[in-house]
Amino acid sequence: MVSGFRLQIFALALGGCLAEDSLCSLDSTCADEVTLLQGMLSRVGQHQPMSAEEEAEVLKEMQEAEEGIEDMSLVALSEAESQPASPGSWVFPANWNIQASSSWDSNYGAANVVAQGGRPWHSGRRNAFPEDLTFDAGEVITLDGFRTAQPPSGWRGSAMRAFTFLKSNDGATFTEVLQGEGRNLAAGETQDIEFPAVSARYWRLNMRSNHGYHRLLTVQYIKFRLAAAAGCEGIYEAEDATIEGAVEHSNTRSAGHQGFTGRSFVDYVNSHGDFVEWTVSSCRRGSATASFRYALAGGNRPLQVLVNGQEVDEALSFPACGGGDWKTWCDVSVPVALSSGQNTIKLVARGQSGANMDSLAIAMDPGATEYVGCFVDDRARDLGQRVGANNNIATNTFDGCRTACGNHRYMSLQYGGECFCADSYGNGDQYVQVDDSECNRVSEPCSSNSHNCGGSWRQAIYEINAAPVSLCSCQVTNYLGHLPPMDTQGPPETVTTVDEWLPVRGGISSLDVAGNCIVRVATGAAGAGEQAHRYPQGGHAYPMPTGNDNIQSMRLECV
Ligand SMILES: [Ca+2]
Ligand SMILES: [Ca+2]
């Protein structure tokens, strides 16, 4: 018979906060949910010292784990990982100053999180939550994510659960970057936490709960993902670029050549092969406008334009600036597609000498970085109701629509400036992606102020806010202990694993499900013979629709 144990499933502490329509992001707070969470945490054992038995168990586990580590020294960072990293890459916080609010002992200190081998960082013996890991990068850097890993064996349930990631410029006052819930990582597993790019020198990971392991935390390593910084918009002098054939004008005091910027300008000499090549770093990927400032007294002196070695214009026209002299300066522009990181832009003489070249200016097209693509729309409206028509000056540009869309994850411009906001797109088979050219309707002021303004039943979709951190984790508390990790009777035990079939010993008599969690059950092991019935939010008393004794496995899913 079914024993009378209670099974309570209560939610995802931040469930409401992370629901689809209410992003818990940089711009919104989740005060109610945090209060709820704090209340829950206080009930599940905050500030309780470890018992002697628990400590003995932890020590035993450490001993067992260490037997599996052949080389007890930390594995040195590979050469590649100690090289300067480019945006988008995951890096260890090598050479950073790292502090932990507590550590088990010096063998399990905070410094262990810079390497992939050896012992993990392990929080202290008598400290309850919260725990902090604080990082000083030594300089201001831009991040858009971090990755944590669990030790390769043991310490199940010691991964962080409720956390807040913070930043600081002075190391004293920290402000929130994001908060969320970490998954219950299996041994050796990693998780990536992503957020909109943000810059700071000091970073802190504040961890307020774990997934059930003796109120202690372990982290095998942490990596951080460097984001492209502010981008590469700006002015780059020709005289600072790589020059071949052409020369930097030396007589900078000559009356006939005044008005240049920077130190001087570049004088093309030969009719073939002379070039100026700018190398620009830290670019964000996307479409941009490259403008060249030059002086030319008369005629026209076209130059070949190469971006990252690819020809984008065989002979870009550089007409005379109109003053009939060499001190009147003007600009020509060419659209360019920039890659993330470093790019080269090159002007080559192909048959005749070039004008006097002063500088290059790079400006990203508004929305270029955020652009997703061009998609079909119809009267049912993939992104919901229109927010503004294309003659609405408040919303008919990228910046205007973005402001109107607030915390929504996506926005679109359609038909030259109609604005839509939503948290998803492609909500129907008909909303397929099409070529960007179908979206490029020219309509002002949209076109001059936006990367792409959409077309007729074609929408240019932009991702304007980061995805909510997907950290749904249902919590199962079994008061008599028929669920893993304890499948014998004992004190209340918590299970938080989601999306995985868990064994149930002795069946289920009743369920309480709260929050964004559903429960499936099966009559066999590992989901075999799954019952059609799912148990959504709410109480489910004996007898269960699917029977009781016959339930051998269950699976928690976030909805
Ligand atoms: Ca010349
Ligand atoms: Ca110059």
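Brief remarks on what is shown
- Summing +1 for each Lys or Arg and -1 for each Asp or Glu among the other residues whose beta-carbon sits under 13 angstrom from that of Y371 gives -1.
- Legend: calculated FRET efficiency, A525 to S153, from the Cβ-Cβ distance at R0 = 25 Å, rounded to 0.05, equals 0.55.
- In a fully extended conformation the segment linking N300 and Q99 would gain 66.1 nm over its present Cα-Cα distance, using 0.36 nm per residue.
- Here the extension length gained between E444 and D170 equals 94.2 nm, from 0.36 nm per residue of separation less the Cα-Cα distance.
- Peptides 341-348, 432-439 ordered by average Cβ neighbours within 10 Å, highest first: 341-348, 432-439
- Spacing of the modelled spin labels on E57 and S254, each 7 Å from Cα toward Cβ, amounts to 8.5 nm.
- In this calculation the C-beta distance from T190 to T403 is compared with R0 = 35 Å, giving a FRET efficiency of 0.45.
- Cα shape, the range 371-463, gyration tensor, a/c 1.5 rule: oblate
Computed from the coordinates by the stated procedures, all read-outs in this text should not be read as laboratory data. As the structure is a prediction and not an experimental result, all values here were calculated from the model. Counting neighbours? That spans all protein chains shown, and the Cβs are built from the backbone with ideal geometry, glycine included.
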